[in-house]
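Visitor: First, the structure itself, so that you have it in front of you.
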């Protein structure tokens with residue numbers, strides 16, 4: 001219980017109100033609805049009891065040596081990130097509706113938007129979305145609004161969960177069509193693009209793609225533009241320490257999952273949707289946007305801006321219904337990026353790519369195992385295994401406490417018995433050798 | 001709050017080429033061989049700072065904020081209650097925080113058990129049958145709810161195109177309706193702030209899919225005719241969606257399911273005490289009756305014998321509204337909050353939120369008349385008195401004057417149907433002393449404003465910045481460094 005009222009407080013307050021009892025205050029509620037019986041615990045726990053219960057539950061989650069990525073990545077979070085995000089003034093504030101009393105949150109959002117623009121090489125970014133999947137869906141929605149077209153072309157390597165979410169966002173109408181660009185050697189078959197892009201609203205691509213492969217984006221924007229379509233690119237932000245930025249290859253909208261930038265895995269959220277675009281589409285951005293301005297003395301300050309796009313002003317004409325953002329997660333990502341800086345992020349990206357390359361080298365040398373694709377990959381790769389990949393995963397998990405990767409057959413049946421194996425900077429040489437030995441033994 | 005007035009630099013302006021914060025070393029023998037044509041040509045323009053620079057910069061920024069822990073924050077409709085630190089500690093437990101969303105179910109038994117128990121408790125609390133915890137926020141829940149409605153009618157072979165909302169509704173209601181391709185039908189409220197039932201009946205029929213209704217409504221008034229409303233909507237073959245943003249007024253005191261609704265949403269960052277974080281992350285849920293359950297997003301959690309498993313439903317499910325399970329980290333905090341309350345103590349949340357709102361209303365009634373003549377539920381909607389309006393003072397001036405006096409402003413200019421609205425939601429966690437101090441500040445704003453209107457129009461003067469030029473911000477957007 002977190003209420004401060006004493007019996008005396010309650011009596012005095014009711015007296016000031018002029019009510020003889022609490023029941024008088026809720027007379028507007030038909031009495032038959034009041035105080036029903038709840039089949040809920042009759043006793044609450046004190047903090048130490050609750051702590052013990054929760055520690056027990058947390059302890060029931062096993063902590064394998066984890067090589068599963070597939071859209072959420074185990075990353076080291078620097079201590080300074082938590083030190084800032086646990087600052088009570090950030091943690092317990094609301095959306096900055098009163099800008100004079102929220103300059104801290106607002107400046108942090110402005111710096112977040114700038115960070116996203118820098119990483120993705122784009123002109124503008126919003127104050128964040130729920131997660132990578134919803135950012136992706138909103139970017140495609142924006143492309144549909146801009147072009148007035150309803151054909152959505154997407155690369156086969158886009159995260160299947162992103163596509164599921166996208167289709168849910170368009171579930172209100174059967175008019176939308178989805179055309180998949182087939183995969184060739186783990187990346188999109190570029191030769192197929194010109195024909196497929198005819199009449200399309202956008203081409204949606206993810207790189208590194210869901211299978212870890214780096215798409216060669218050179219010339220793709222030109223093909224897209226020639227068809228009158230827009231280019232929507234999804235990219236992991238840490239990969240951009242090293243890999244070509246969406247702005248460099250001409251993306252109109254660039255999105256990503258910001259969990260990579262210092263957020264815990266937490267079984268799926270809260271994560272951070274990164275959303276950026278070219279400046280001509282700025283008014284198509286959904287959600288909150290912070291802008292720099294001046295106060296009446298000419299001093300620099302920050303406000304939420306371009307609100308004419310938003311639900312609380314435009315109601316049924318709004319660009320999106322979103323009214324929150326993931327400000328605290330955005331703060332974490334901003335601090336993370338500032339701590340590492342451009343050099344540190346490059347090192348991180350290289351450490352990821354190096355760990356995955358080493359894991360690929362060792363695992364593919366095991367008899368019966370091989371790499372499914374030959375091309376360059378970032379921090380995960382597809383490994384062909386002998387026999388059932390799902391059974392192999394369960395066996396190694398049970399025997400060695402190692403989660404060796406995600407079986408791909410349910411998502412990509414055409415890839416056969418394969419695993420998507422991920423290694424981030426958290427994996428040492430010893431970890432990877434342990435993985436190799438465990439897989440070898442289990443096969 | 002301490003305002004370091006001399007330093008309002010951006011992090012990038014403190015950057016020095018070559019200065020380093022953290023390093024990431026690659027101890028592995030193998031280096032990735034990424035072809036140069038796939039690599040970026042220019043480094044991202046991020047600040048180059050030492051760790052201390054970063055700490056000092058963001059610590060300074062934090063001190064420019066109002067927050068629940070530093071200031072009373074009576075923002076109506078937002079339920080800015082205390083965010084227990086125990087919740088934070090629970091969510092940070094490595095067993096929860098470190099769990100990969102695609103972990104095998106055998107590795108996730110603790111989290112799945114927690115989600116299963118949380119689902120059961122919330123379903124009972126709402127007096128409904130089934131739940132999804134996948135939505136990331138309130139608006140995202142509304143989106144999910146309308147998807148359920150659409151799937152429900154499609155499954156019945158019906159096409160319904162209209163969503164009915166009262167004119168007092170949150171902006172997210174009509175925005176969600178549009179996003180889903182529905183047409184919004186607005187119903188005018190009666191002078192007492194309630195939905196006009198006669199008017200409603202005129203506007204519902206075979207085209208109506210859903211009535212979206214906030215209970216209590218955004219004026220802090222309970223829809224006393226809710227039974228009749230639900231009956232009329234059901235007779236038209238439509239569904240009733242309860243916007244649960246104001247559940248703090250009912251929690252543990254009324255089961256929304258008893259009112260006759262078909263589904264509702266929860267905002268964990270409001271009713272269940274998880275922090276707002278400057279705008280998010282939140283978490284939402286849709287709680288519904290049996291007839292909507294088959295359409296819920298996947299996965300949900302099911303118990304099979306002594307094991308908990310992710311349940312992927314069947315083809316009737318609307319699919320996914322976000323990647324993975326949901327904002328589980330926030331849900332752990334909500335569960336910790338539930339553990340801290342017995343059934344009776346949950347009712348005390350509603351009880352004290354209502355007493356606090358009526359207490360403020362009573363203390364301020366002479367200077368700031370209440371829109372409604374009735375007692376309010378968990379929040380009250382006031383306006384500046386005639387003496388202030390006559391001097392040209394507006395709600396915005398009251399808000400800025402309060403900030404100068406060390407209180408966060410209430411929600412202003414909402415609901416839209418009240419001219420110069422001041423919407424105050426004190427929540428149950430504030431003490432009588434704090435409310436007395438707040439009322440004194442409101443009185444001081446009134447008295448000094450009437451005496452010297454220009455001084456109030458110049459407020460705030462004690463903060464890091466004065467009133468900001470929002471017009472320039474929108475006209476020439478500067479959105480990044």
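Visitor: Based on alpha-carbon positions alone, could you give the equivalent ellipsoid semi-axes of segment A:145-239 from the gyration tensor, as √(5λ), descending, whole Å?
Guide: The three semi-axes for segment A:145-239 are 20, 17, 12 Å.
Visitor: A follow-up question, please. So, in Å, what gap is there between the alpha-carbon centers of segment A:352-423 and segment B:420-481?
Guide: 58
Visitor: Radius of gyration and Dmax for the protein assembly as shown's Cα atoms, expressed in Å?
Guide: Final numbers for Rg and Dmax: 27.1, 88 Å.
Visitor: With angles folded into 0 to 90 degrees, how steeply does helix A:327-364 sit against the dominant principal axis of chain A? Use alpha carbons for both and round to 10.
Guide: 30
Visitor: Measure off 7 Å from each Cα along the Cα-to-Cβ vector at residue B:20 and residue B:365, then give the distance between these two points in nanometres to one decimal.
Guide: Roughly 6.9 nm, to one decimal.
Visitor: Normalised by the residues of segment A:79-335, what does the relative contact order come to in percent, with Cα pairs under 8 Å and at least six apart?
Guide: Relative contact order comes out at 27 percent.
Visitor: A further question follows. Does chain B classify as rounded, prolate or oblate by the C-alpha gyration tensor (a ≥ b ≥ c root eigenvalues; a/c under 1.5 gives rounded; else a/b over b/c gives prolate, otherwise oblate)?
Guide: Here chain B falls in the oblate category.
Visitor: Also: Estimate the FRET efficiency between residue B:33 and residue B:478 by the formula 1/(1 + (r/R0)^6), using the beta-carbon distance for r and 56 Å for R0, to the nearest 0.05.
Guide: About 0.85, to the nearest 0.05.
Visitor: Shape verdict for segment B:1-123, please, from the Cα gyration tensor: rounded (a/c under 1.5), prolate (a/b greater than b/c) or oblate.
Guide: oblate
Visitor: Related question: Of the DSSP beta bridges with both residues in segment A:79-335, give the percent that are antiparallel, rounding to the nearest 5.
Guide: 50
Visitor: Label-point separation (nm) for residue B:448 and residue B:416, each offset 7 Å from Cα along Cα-to-Cβ?
Guide: Going by the 7 Å Cα→Cβ label model, 3.5 nm.
Visitor: Moving on. Rounded if a/c is under 1.5, else prolate if a/b beats b/c, else oblate: with a ≥ b ≥ c from the C-alpha gyration tensor eigenvalues square-rooted, which is segment B:152-290?
Guide: Prolate.
Visitor: To the nearest 0.05, what FRET efficiency results for residue B:197 and residue A:398 with a Förster distance of 56 Å applied to their C-beta separation?
Guide: It comes out at approximately 0.35.
Visitor: Starting from the exponent 0.38 and prefactor 2.2 Å, build the expected Rg for segment B:349-463 from its residue count and divide its actual Cα Rg by it.
Guide: Dividing the Cα radius of gyration by 2.2 N^0.38 Å gives 1.00.
Visitor: Counting DSSP beta bridges with both partners in the protein assembly as shown, what percentage is antiparallel, nearest 5?
Guide: Around 60 percent of the beta bridges assigned by DSSP in the protein assembly as shown are antiparallel ones.
Visitor: Between Rg and the Kirkwood Rh of segment B:8-55, both from Cα atoms, what is the Rg to Rh ratio?
Guide: Radius of gyration relative to Kirkwood radius: 1.10.
Visitor: Looking only at segment A:163-284, where both bridge partners belong to it, what percent of the DSSP beta bridges are antiparallel (to the nearest 5)?
Guide: If we restrict to bridges inside segment A:163-284, about 45 percent are antiparallel.
Visitor: Same structure again: What translational diffusion coefficient, in µm²/s and rounded to a whole number, does the Stokes-Einstein relation yield for segment B:20-89 at 20 °C and a viscosity of 1.002 mPa s, taking the hydrodynamic radius as the Kirkwood radius over Cα pairs?
Guide: D, rounded to a whole number, is 122 µm²/s.
Visitor: Could you tell me the distance between the Cα centroids of segment A:163-220 and segment B:363-417, to the nearest Å?
Guide: 52
Visitor: Please average, across the residues of A:247-255, the number of beta carbons from any other chain that are within 10 Å of each residue's own beta carbon, and give a whole number.
Guide: Counting other chains' Cβ atoms within 10 Å and averaging over A:247-255 gives 1.
Visitor: Please determine, in degrees from 0 to 90 and to the nearest 10, the orientation of helix A:7-17 with respect to the longest principal axis defined by the Cα atoms of chain A, where the helix direction is its Cα long axis.
Guide: 70
Visitor: Here's another thing I want to ask about it. Over chain A, with a Gaussian network built from C-alpha contacts below 10 Å, which listed residue (A:326, A:175, A:350) shows the highest mean-square fluctuation?
Guide: Highest fluctuation of the listed residues: A:175.
Visitor: How far apart, in nanometres, would the label points at residue A:42 and residue A:414 be if each is projected 7 angstrom from Cα along the Cα-to-Cβ direction?
Guide: 6.2
Visitor: If I build a Gaussian network model for chain A, linking alpha-carbon pairs within less than 10 angstrom, which residue out of A:52, A:83, A:143 has the largest mean-square fluctuation?
Guide: Checking each option, the largest mean-square fluctuation is seen for A:52.
Visitor: Fewest first, what order do B:180, A:188, B:212 take by the number of other Cβ atoms within 10 Å?
Guide: Ordered from fewest to most neighbouring Cβ atoms within 10 Å, B:180, A:188, B:212 come out as B:180, B:212, A:188.
Visitor: Please list, by residue number, everything in segment B:222-243 whose backbone N is under 15 Å from a paramagnetic label point 7 Å out along Cα→Cβ of residue B:289.
Guide: Backbone N within reach: B:226-242.
Visitor: Please give the helix A:160-169 orientation as an angle from the longest Cα principal axis of chain A, in degrees from 0 to 90, rounded to the nearest 10.
Guide: Here the helix axis deviates by roughly 50 degrees.
Visitor: Over the C-alpha atoms of segment A:39-108, what are the Rg and the largest Cα-to-Cα span, Dmax, in Å?
Guide: 18.9, 47
Visitor: A further question follows. How high is the relative contact order of chain B? Use alpha-carbon pairs under 8 Å, at least six apart in sequence, and give a whole percent.
Guide: Value for chain B: 19 percent.
Visitor: In addition: For segment B:245-282 and segment A:283-316, compute the distance between their C-alpha centroids and round to whole Å.
Guide: Comparing the Cα centres of segment B:245-282 and segment A:283-316, I get a distance of 28 Å.
Visitor: Oh, and also: Can you give the alpha-carbon Rg of segment B:86-339 over 2.2 N^0.38 Å, where N counts its residues?
Guide: Segment B:86-339 yields a ratio of 1.00.
Visitor: Please compute the contact order of chain A in relative form: average sequence separation of alpha-carbon pairs under 8 Å and at least six residues apart, divided by the residue count, as a percent.
Guide: 19
Visitor: Based on the Cβ-Cβ distance of residue A:177 and residue B:311, what FRET efficiency does E = 1/(1 + (r/R0)^6) give at R0 = 25 Å, to the nearest 0.05?
Guide: 0.25
Visitor: Determine the principal axes of the Cα atoms in segment B:47-190, then give the extent along each, sorted from largest to smallest and rounded to whole angstroms.
Guide: 61, 46, 35
Visitor: Let me ask you something else. Enumerate the residues in segment A:354-387 having an amide nitrogen under 14 Å from the point lying 7 Å beyond the Cα of residue A:185 toward its Cβ.
Guide: So the set is A:372-377.
Visitor: Per residue of A:40-49, count partner chain C-beta atoms within 10 Å of its C-beta, then hand back the mean as an integer.
Guide: Rounded to a whole number, the mean comes out at 6.
Visitor: Then there is this: What does the structure give for B:375-382 when I average, per residue, the other chain Cβ atoms found within 10 Å of the residue Cβ?
Guide: Shielding by partners across B:375-382 averages 2.
Visitor: Can you pull the three principal axis extents for the Cα set of segment A:79-335, in Å, largest first?
Guide: On the principal axes, segment A:79-335 reaches 56, 41, 32 Å in Cα extent.
A short reminder: the numbers here are calculations on the coordinates, not readings from a lab. Note that the structure is a prediction, hence the values are computed from the model and not measured. Note that we place each Cβ from the backbone using ideal geometry, even for glycine, and neighbour counts take in every protein chain shown.
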